[in-house]
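Here is the structure we will look at, set down as structure tokens.
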């Protein structure tokens, strides 16, 4: 199975209402007057990091990728649980983990360790507290909404390739926690950009049964000469969101398009419909 097929199979299992039909990045559990926002991410060698990667950077990125999903829900991080494969420069991993937890003001709650053979795999569960209701979701985009993205896409790609000024964008991304908290009351739909801006636009539009009309000339890219690659590569951890075209945004973001009635395909890029999600970004399987 590829990733979409596997997730579709999981939908046949008993699902908690807070799972949001597995359409979102986080689950919600309401206890008393509080709603917990829970996310789980994995990182595997050769898929998310190279065999010679500094394990301190791997630990940082594991934390950042989890907190990025909380940011897209406007959630205030509480703590994380770690799943760790022993044996690959564990001291460096602990150093990077501490640096990330201190930088983002998050505590370690616990977890599990295993002695593994073969490629290293790490996992983390992040728990946050919702600060706005309804909690933002991938669903909710409406015809007439404007489409926005925070920051610049393509920096992680250039950092991966060795560009010194963009290296931290790949190795030590910064989740948009503050922006997510501020945007939660304003957005109609929101997610973080991890697999590529175009793919995530396609996914959000498809879920909402609308079309995202994107003007590529307005998308903030790290290298205009490679704009198409920048929009597809991923690992940016910016926030992609929709909001009323008359909304006053509380943070700086780039308006890159508009939500229009469902057309031939979920994504209209510069006048051309993208009829398939293939090659729009990174997909597992």
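The values are calculated or read from the model by the stated rules, or taken from the named source; none is laboratory data. Just so it is clear, the model here is predicted, and its values are computed rather than measured. Here Cβ is always computed from backbone atoms with ideal geometry, including for glycine, and neighbour counts include all displayed protein chains.
Could you check, for the range 143-162, whether at least one of its residues is more than 22 Å from the chain's Cα centre (by Cα) and without any contact (Cβ under 8 Å) to a residue 60 or more places away in the chain? I'd like the intermediate steps shown before the answer.
Here is the first cut: in the range 143-162, the residues more than 22 Å from the chain's Cα centre (by Cα) are 143-144, 162.
Narrowing further to those that are without any contact (Cβ under 8 Å) to a residue 60 or more places away in the chain: 162.
Yes, there is a match, as at least one residue in the range 143-162 is more than 22 Å from the chain's Cα centre (by Cα) and without any contact (Cβ under 8 Å) to a residue 60 or more places away in the chain.
List the residue pairs whose Cβ atoms are under 9 Å apart, where the first residue sits in the range 1-21 and is over 22 Å from residue 283 (Cα atoms), the second is in a helix (DSSP H, G or I), and the two are 6 or more positions apart or on different chains. Final answer for the pair search is 15/21; 15/22.
This table checks each residue for (1) within 18 Å of the chain's Cα centre (by Cα); (2) surrounded by 23 or more Cβ atoms within 10 Å (Cβ to Cβ).
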| residue | (1), (2) |
| --- | --- |
| 164 | no, no |
| 168 | yes, no |
| 188 | yes, no |
| 197 | yes, yes |
| 205 | yes, yes |
| 230 | yes, yes |
| 238 | yes, yes |
| 246 | no, no |
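Output yes when any residue across the range 262-270 is over 24 Å from residue 4 (Cβ atoms) and not assigned by TED's automatic domain parsing to the domain that holds residue 71, and no when none is. Among the residues of the range 262-270, at least one is over 24 Å from residue 4 (Cβ atoms) and not assigned by TED's automatic domain parsing to the domain that holds residue 71, which makes the answer yes.
The requirement of being at negative phi, modelled with pLDDT of 95 or more, within 21 Å of the chain's Cα centre (by Cα) and in the same structural domain as residue 124 (by TED's automatic domain parsing) is satisfied by residue 96.
Exactly one residue out of 272, 258 is touching a strand residue (DSSP E or B) at 6+ places or on another chain (Cβ under 9 Å), farther than 22 Å from residue 158 by Cβ and at pLDDT 95 or above, and it is 258. Filtering the range 14-48 to residues that are more than 30 Å from residue 117 (Cβ to Cβ) and out of contact with any strand residue (DSSP E or B) (no Cβ under 9 Å at 6 or more places or on another chain) leaves 14, 15, 21, 22, 23, 31, 32, 33. Scanning the range 44-78 for residues that are within 29 Å of residue 242 (Cβ to Cβ) and surrounded by fewer than 20 Cβ atoms within 10 Å (Cβ to Cβ), which turns out nearest to the chain's Cα centre (by Cα)? Only one residue fits best here, namely 48. Please work out if residue 81 is in contact with a strand residue (DSSP E or B) (Cβ under 8 Å, 6 or more places away or on another chain), assigned by TED's automatic domain parsing to the domain that holds residue 65, in a strand (DSSP E or B) and buried (at least 16 other Cβ atoms within 10 Å of the Cβ). Yes, satisfied.
So is residue 199 at pLDDT 95 or above and either closer than 30 Å to residue 27 by Cβ or in contact with a strand residue (DSSP E or B) (Cβ under 7 Å, 6 or more places away or on another chain) (or both) or not? So residue 199 passes the test.
For the range 181-220, a residue qualifies if it is part of a strand (DSSP E or B) and more than 15 Å from residue 269 (Cα to Cα), and the qualifying residues are 189, 190, 191, 192, 193.
Only one of the numbered conditions (1) touching a helix residue (DSSP H, G or I) at 6+ places or on another chain (Cβ under 7 Å); (2) surrounded by fewer than 19 Cβ atoms within 10 Å (Cβ to Cβ); (3) in a strand (DSSP E or B) is not met by residue 95, and that is (3).
Of the residues making up the range 227-252, just one is part of a helix (DSSP H, G or I) and either free of Cβ contacts under 8 Å to residues at least 24 places away in the same chain or farther than 24 Å from residue 175 by Cα (or both), namely 228.
Determine, yes or no, whether residue 117 is in the same structural domain as residue 71 (by TED's automatic domain parsing), within 20 Å of residue 55 (Cβ to Cβ) and in a loop (DSSP other than H, G, I, E, B).
Working: in the same structural domain as residue 71 (by TED's automatic domain parsing): yes; within 20 Å of residue 55 (Cβ to Cβ): yes; in a loop (DSSP other than H, G, I, E, B): yes.
Considered against the rule, which asks whether it is in the same structural domain as residue 71 (by TED's automatic domain parsing), within 20 Å of residue 55 (Cβ to Cβ) and in a loop (DSSP other than H, G, I, E, B), residue 117 comes out as yes.
When you look at residue 213, is it buried (at least 17 other Cβ atoms within 10 Å of the Cβ) and not assigned by TED's automatic domain parsing to the domain that holds residue 259, yes or no? No, not satisfied.
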